[in-house]
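Below is one structure; the comments refer to it alone.
The values are calculated or read from the model by the stated rules, or taken from the named source; none is laboratory data. A quick note: this is a predicted structure, and the numbers were derived from the prediction, not measured. Here the Cβ positions follow ideal geometry from the backbone for every residue, glycine too, while neighbour counts run over all protein chains shown. Side chains included, ligands, DNA and RNA excluded: accessible areas come from the protein's heavy atoms. Shrake-Rupley method; radii C 1.70, N 1.55, O 1.52, S 1.80 Å.
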Amino acid sequence: MCERLMMLLALLLFGIGFLYFELETLKVSTFYLKTEKLKHKIKIVHLSDLHSKEFGVNNERLIKKVRELKPDLIVTTGDMISSTDHNGDAFLSVAAALSDQIPMYYI
């Protein structure tokens with residue numbers, strides 16, 4: 001009985017750790033598209049489904065990561081603001097910090 005309880009507790013702790021990691025980490029995926037319609041390479045950062053999430057104070061981790069990627073433009077799609085967020089401050093801080101240096105498009 002004690003062994004099963006310890007196994008269940010270990011699985012529960014693993015699940016909590018996994019969820020925390022999934023919700024708190026920034027994920028960067030890289031895709032390459034080759035087309036003859038473009039004369040030169042461009043780098044696009046696509047932000048999506050942030051749901052008013054903040055990565056550091058005023059989203060400083062997210063802003064730093066986007067700047068490190070040195071994109072030519074940023075596109076935002078999906079749910080940037082959650083349904084319970086009435087002012088959108090989390091996303092607006094990202095937009096304000098990045099759009100003055102990098103063209104940003106909102107969908």
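Below are the figures for this structure:
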item	result
Net charge, His40 excluded, C-beta distance under 13 Å - Lys, Arg +1, Asp, Glu -1	+3
Nearest-0.05 FRET efficiency for Ile42 and Leu92, computed from C-beta distance (R0 25 Å)	0.45
Accessible carbon and sulfur surface of the chain relative to its total accessible area, %, 1.4 Å	63
Segment Val57-Val28, length gained on full extension (0.36 nm per residue, minus Cα span)	8.5 nm
Descending principal axes extents, the chain, alpha-carbon based, whole Å	67, 37, 22
Nearest-20 debye value, the chain charge dipole, Cβ charges on Lys, Arg, Asp, Glu	640
